[in-house]
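Engineer: I am attaching a structure below and will ask some questions about it afterwards.
Read-outs: derived from the displayed coordinates by stated rules, not from any lab. It should be emphasised that the depicted structure is a prediction, and the values quoted were computed from it without experimental measurement. Here Cβ is always computed from backbone atoms with ideal geometry, including for glycine, and neighbour counts include all displayed protein chains.
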Amino acid sequence: MSVVTLPDGSRREFPQPTTIAAIAASIGPGLARAALAGRVDGKLVDTSFVVERDAEIAIVTDKDPAGVEILRHSTAHLLAHAVKELYPEAQVTIGPVIDNGFYYDFAFQRGFTAEDLDRIEARMHEIAKRDLRVERSVMPRDQAAEFFRRQGEEYKAQIIEAIPQGEDISLYRQGEFVDLCRGPHVPTTAKLKAFKLTKVAGAYWRGDSRNEMLARIYGTAWPSKDLLDINWRKPRSVTIARWVAVSIYSTCRKRRRAWCFGTNAAGVCTNWSKVT
C-alpha cells in the first residue's frame, strides 16, 4: 500500500501501484481530464508514471507554468511528426521549448517555403485530432542509436552516441512517429489545440558553421485558443514579413551565400553573415 500526500496536505491510500492518471481520476473527473503530467516528490513525470511508494503528489495542468511548457514541448514533437508525414526525406534533429513557444530543426535539402508552413500547421491539427496516445519507452543507448540509424535519422543517432555509454534512453511514440526525449509529455495529442507556426530561419548543426545548415521552424503554443489569439496577433505586415523571411532564407540556402543569425519580432533578418 502507498500513501499519497496532495498539495493541500490531504492523504489518499492506494492498495496497489497507481498511475498519476488514476490518482487524478480519484480526486475528480475534471482534474482527470485536465491532467497533463504529475509531480512525484517534486519531479515532473508523465501521467502514465506508476507510483509504488509513499510520495508527495501534484497533478500538473495547463494552469501550472510547467504544464504550459509541457504543452509547448509536445507541440514541438507534433511539428516533427507532421513534417515527417509530409516530407519523409527530412531528418529530425532537436526541438526544445523557448520563451512563449518552441522550435524544431530539420535537415531538409530544399528548405521550407511559406506555403509549406501552412501545410505543416494544417497537418499538425489533423494529427492532434487523431487523439493519439503519447507513450514512453526505454532502450539501451546503443540499441536506441541503431534504432534511429535504421530509420535514416543520422542526427538522432549522433545525439544518442554523445550520451555516456551504458545509460538508458527514453523515447516517445505517438502513432507511427517516435522521437528521442527525456519528457514528460502530454498523454494524448488531443491535448494540443492552440498553436501557430510563426517563421522559418536557419541554424548550423550543433551551432558550428563548419557543419550542415538546418531549417529551423519556430512556433508558439498556448493552453487555449483565446490565449493564443491574445499573444499571437498576425497583422498583414507580419504576414508579409514572414513570407519575405522565408523567401530570403530559401534563396540564400540554395546559393549558400549568406545566412541569418538573428531576426526581429516579425521574422525579418537583422544579422546576416557570409557563408564560406
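Engineer: Please state the charge dipole magnitude for the range 2-61, taken about the Cα centre, from unit charges on C-beta atoms (+1 on K and R, -1 on D and E), reported in debye and rounded to the nearest 20. All intermediate terms of the calculation are to be shown ahead of the outcome.
Structural biologist: Working: 6 positive and 7 negative charges, 27 e Å.
Here the size comes out at about 140 debye.
Engineer: Could I ask something else about it? Classify the range 144-226 as rounded, prolate or oblate from the Cα gyration tensor: take a ≥ b ≥ c as the square roots of its eigenvalues, call it rounded if a/c is under 1.5, otherwise prolate when a/b beats b/c and oblate if not. Please report the intermediate quantities before stating the final value.
Structural biologist: Numbers: a/c = 2.36, a/b = 1.26, b/c = 1.87.
Oblate is the answer for the range 144-226, as a/c is 1.5 or above yet b/c matches or exceeds a/b.
Engineer: Same structure again: Going through the cross-link list Lys129/Lys199; Lys84/Lys129; Lys63/Lys84, which pairs have a Cα-Cα distance over 28 Å in this structure?
Structural biologist: Numbers: Lys129/Lys199 23 Å; Lys84/Lys129 17 Å; Lys63/Lys84 31 Å.
Listed pairs above 28 Å: Lys63/Lys84.
Engineer: Another question, then. Identify all aspartates and glutamates with a Cα-Cα distance to Lys191 below 16 Å; exclude those on the same chain that are fewer than 8 residues away in sequence.
Structural biologist: Here the aspartates and glutamates satisfying the reach criterion relative to Lys191 are Asp46, Asp62, Asp64, Glu69, Glu121, Glu126, Asp131, Glu135, Asp226.
Engineer: Also, I was wondering about something else. Starting from 0.36 nm per residue, how many nanometres of slack lie between Tyr87 and Glu126 once their C-alpha separation is accounted for?
Structural biologist: Values: separation 39, 0.36 × 39 = 14.04 nm, distance 1.56 nm.
Contour length minus the Cα-Cα distance gives 12.5 nm.
Engineer: Here's something else I'd like to know. Which FRET efficiency value, to the nearest 0.05, do you get for Arg110 and Arg150 by plugging their Cβ-Cβ distance into 1/(1 + (r/R0)^6) with R0 = 22 Å?
Structural biologist: Values: r = 24 Å, r/R0 = 1.11.
Calculated transfer efficiency: 0.35.
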